[in-house]
Amino acid sequence: MAGSGKNDVRSYRNFINGQWVGGTADETFPVYDPSTEEVIARVAVASSASVDRAVNAARTAFETGPWPQTTPQDRGRLLFKLADKIRQNAALLAELEARNTGKPIVEAEYDIADTATCFEYYGGLANKIMGQVLPVPANALSFTMKEPVGVAGQIIPWNYPLMMAAWKLAPALAAGCTCVLKPAEQTPITAMEMAGWFEEIGLPPGVVNIINGMGETTGAALVAHPGVDKIAFTGSAAVGKIIVKSAADTLKRVTLELGGKSPNIFFADADWEASVDGALFGVFINQGEVCSAGSRILVEKKIYSKFVEAMVEKAKRIKLGAPLERDTKMGPLVSKEQYDRVSSYLEIGKKEARVAIGGGRAKQFGKGYYVEPTIFCDVNNNARIAREEIFGPVATVIPFDGEADAIRIANDTPYGLAAAVWTRDIYKAFRVVKAVRAGIVWVNHMQPTYVEAPWGGYKQSGFGRELGPWGLEEYLETKQVFVNLDETPIGWY
Ligand code: NAP
Ligand code: MG
C-alpha cells in the first residue's frame, strides 16, 4: 500500500479489520517534513463511523475468531516476527521517522532499534502470564487467573512515533487484548508502514486497527466509545484531563503518561565534565521534545555561574541541521504549531529571566521549524518557564543552596515524571532519590530508558506504568476463582 518513491507524497488509508479503508473520496489531511515545511504524505481521516468500525472489529476479534484461541506462545511468536520485520526495515523506518519528526537520523535509528526490542521483550513475556494459588483454609481452593482487559484504545504523541506505538501495542498483544491505535496527526507514517506487515506476520484481522485523524474528533470518539475497555494515553496533561472525564462515563480503565518539568540536580561535588554534558543532554536530546526532559536544571550556588558558563560554551557547539545528515545533533521542531508554542515561551522567558544563549529562531535556516538551543539562567522556580511544560530546546537554570533547598525546589512542581541527581556522595544521592516525588530518578545520568524497567509518573504526570511487567499488568484483569472442596451443604437455613 503506502507510499511509492522517496520523494513522492505518500498516501495512507486507515487500517481496520485487516483492510485499508478510506479511499480518495475520504477527507484527508497533510503530513509535513518540518525541515522543509513540505507535505510528505496525505492520510485519510477516520470519521466517527470509521472509529465505530474499528472498535467493532477489535471487539469481534477479542470475543470470537482466531485471536482468543491463539496460544500465549503463538502471541509471543507474532511479536517476535513483528520485531524482525522492524529490524529488517530499520533503515527505511528511521529515515521516515527522521523526515517526519525532524529528529536527527542517528536518534531515529536508536528509536527504531528500541521499538523492535520492545516487541521482543513483550513477545518473551506473553507466555509468562501466571496467576497465584492463595492460602485459604484447607477445605477450599482459591486461585487467580490473569485475563486480558479487552479492547484497548491507544492514543500516542508525535515525539517518538513508532516507539510509542510499540509501548502501547506490545504489552496489549502479549496480554491477549485487541487494539485500536490512533497516532498523532503530525506523525502517522511509520505506524502505517508497520500496519502493512500485519497480514504477512499472521496477525488476525481486527486484532490491531490503526486509525488517523485529529485528537478532538477521531481521538475523542475512540475515548467515548462504549466498546472500548481501556484507554492508554501519552501526551499533554490538558488532554489527559479531558480523557479522564470522558472515560468516566463508561468507567473505562485509563492509564496516562503526561510529561513533566523534571529537575536535573547538580551538586558542587559532581564530576564536572559529565555534569555539563548531562545537563545539556537531559534537556536538548530530541530537540527537547521529551516527556522526561530535564528542563529545570538545579545547580548548587557555589558552582552556579561557572556551570552556566560551561553549559553555554558547550551549547554553542551543538550542531543544528537537516534531520538526515549524520552529524546533526538537533533538528527542527515537529510542527509549525509546536514552533509557535515554543516561540511564545521564549518571549515569556525573556521577561522572566536572563537569556544565557539562544532565545529565538535558528536564523541560518531559510525554512523549517528550527529553534536555537536556549538556556535561561537566574530563573525563579515560580516563573512560568519553570512551571509549564514547554516541550522544546529550552532549559531553565535555577540556583539552590544545599541539599534541603534542592529537594524543596525539585518537588515544587505539579509534575512528577522524572528527576536526576549528580554527586559523588552516595549518601546524598540516595537521600535525594528517596525525597524526590517522581516515577524515575537517575543518579549521575539522565534519560536512559530500558524496556525492562517501569516508566510513568507521580502527581500530574499521570498514573499507571508502562514497560516491564508493570506495563503488561495494565492490560490484565485479575479473576479470583474459589473452589469449594467440602461437599456438606452450607447449612445456614
Ligand atoms: P496532545 O494534544 O496531548 O496530543 C497527544 C495525542 O492526543 C495526539 O494523538 C492527539 O491527537 C490526541 N488528542 C488530542 N486531543 C484529544 C482529545 N480531546 N481526545 C482524545 N485524543 C486527543 O499534545 P500536542 O498538542 O501534540 O502537544 C501539546 C503539548 O503536549 C506539548 O507541547 C507538550 O507539552 C505535551 N506533549 C507531551 C508528550 C509526552 O510524551 N508526555 C508528548 C507530546 C506532547 P492529534 O495529534 O491528532 O491532535
Ligand atoms: Mg493535536
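The values are calculated or read from the model by the stated rules, or taken from the named source; none is laboratory data. Predicted model, so just to flag it, every value in this text is computed and none were measured. Virtual Cβ from ideal backbone geometry, glycine too; neighbours counted across all protein chains shown. Note: areas computed on protein heavy atoms with side chains; ligands, DNA, RNA excluded. Shrake-Rupley method; radii C 1.70, N 1.55, O 1.52, S 1.80 Å.
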For a quick check of your reading: which helices (runs of 4 or more DSSP H) sit entirely within region 53-132 and have at least 2 residues that are of a type in the set (Phe, Trp, Tyr)? 105-125
Over region 173-189, the set of residues over 15 Å from the mean Cα position of the chain (by Cα) and over 14 Å from residue 29 (Cα atoms) is 173, 174, 175, 176, 177, 178, 179, 180
Residues in region 352-367: is at least one of a type in the set (Val, Ile, Thr) and within 15 Å of ligand 1 (Cβ to nearest atom)? no
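Being within 24 Å of residue 102 (Cα to Cα) and open to solvent by less than 10 Å² (accessible area, probe 1.4 Å), is that true of even one residue in region 261-276?
Step one: filter region 261-276 for residues within 24 Å of residue 102 (Cα to Cα), giving 261-262.
Add one more test, that the residue is open to solvent by less than 10 Å² (accessible area, probe 1.4 Å), and what stays is 261-262.
So far as region 261-276 goes, yes, one or more of its residues are within 24 Å of residue 102 (Cα to Cα) and open to solvent by less than 10 Å² (accessible area, probe 1.4 Å).
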Failed item in (1) aliphatic (A, V, I, L, M); (2) touching a helix residue (DSSP H, G or I) at 6+ places or on another chain (Cβ under 6 Å); (3) open to solvent by 40 Å² or more (accessible area, probe 1.4 Å), with residue 355 passing the rest: (2)
Identify, from the list 228, 244, 223, the residue that is within 16 Å of ligand 2 (Cβ to nearest atom) and β-branched (Val, Ile, Thr). 223
Those residues of region 290-346 which are within 22 Å of residue 106 (Cα to Cα), part of a strand (DSSP E or B) and among the acidic types (Asp, Glu) amount to none
Taking helices (runs of 4 or more DSSP H) that fall entirely within region 383-460, which contain at least 2 residues that are in contact with a Ser or Thr (Cβ under 6 Å, 6 or more places away or on another chain) and open to solvent by less than 30 Å² (accessible area, probe 1.4 Å)? 384-387
Name every residue in region 318-338 that is more than 20 Å from the chain's Cα centre (by Cα) and open to solvent by 30 Å² or more (accessible area, probe 1.4 Å), in order of residue number. 318, 319, 322, 324, 325, 326, 327, 329, 336
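Can we say residue 250 is within 15 Å of ligand 2 (Cβ to nearest atom), open to solvent by 10 Å² or more (accessible area, probe 1.4 Å) and among the hydroxyl-bearing types (Ser, Thr, Tyr)? Let's see the steps before the verdict.
Values: within 15 Å of ligand 2 (Cβ to nearest atom): no; open to solvent by 10 Å² or more (accessible area, probe 1.4 Å): yes; among the hydroxyl-bearing types (Ser, Thr, Tyr): yes.
When the stated conditions are applied, residue 250 does not pass them.
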Return yes or no: is residue 146 at pLDDT 95 or above and closer than 20 Å to residue 170 by Cβ? yes
If the requirement is being within 20 Å of residue 53 (Cβ to Cβ) and either within 23 Å of the chain's Cα centre (by Cα) or not hydroxyl-bearing (Ser, Thr, Tyr) (or both), which of these qualifies: 207, 239, 276, 254? 207
What's the total number of residues in region 62-72 that are over 21 Å from residue 124 (Cα atoms) and exposed (fewer than 14 other Cβ atoms within 10 Å of the Cβ)? 2
Restricting attention to region 122-166, and to residues there that are of a type in the set (Phe, Trp, Tyr) and under 17 Å from the mean Cα position of the chain (by Cα), which single residue is nearest to ligand 2 (Cβ to nearest atom)? 158
Residues of region 109-148 satisfying the condition of being loosely packed, with under 14 Cβ neighbours inside 10 Å and either touching a Gly at 6+ places or on another chain (Cβ under 7 Å) or on the phi > 0 side of the Ramachandran plot (or both): 124
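Kindly evaluate residue 260 against the criterion of being in contact with a Phe, Trp or Tyr (Cβ under 6 Å, 6 or more places away or on another chain) and within 16 Å of ligand 1 (Cβ to nearest atom). Before the answer, list the steps.
Details: in contact with a Phe, Trp or Tyr (Cβ under 6 Å, 6 or more places away or on another chain): yes; within 16 Å of ligand 1 (Cβ to nearest atom): yes.
For residue 260, the condition - in contact with a Phe, Trp or Tyr (Cβ under 6 Å, 6 or more places away or on another chain) and within 16 Å of ligand 1 (Cβ to nearest atom) - is met.
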Set 99, 59, 77, 87: member being within 23 Å of the chain's Cα centre (by Cα), surrounded by fewer than 21 Cβ atoms within 10 Å (Cβ to Cβ) and basic (Lys, Arg): 87
Cβ contacts < 6 Å: first residue open to solvent by 10 Å² or more (accessible area, probe 1.4 Å), restricted to region 202-225; second residue near ligand 1 (Cβ under 6 Å from one of its atoms), any location; separation 6+ or different chain. Result? 214/185
Wholly inside region 187-257, helices (runs of 4 or more DSSP H) that include 1 or more residues that are near ligand 1 (Cβ under 10 Å from one of its atoms) and out of contact with any helix residue (DSSP H, G or I) (no Cβ under 8 Å at 6 or more places or on another chain) are 237-248
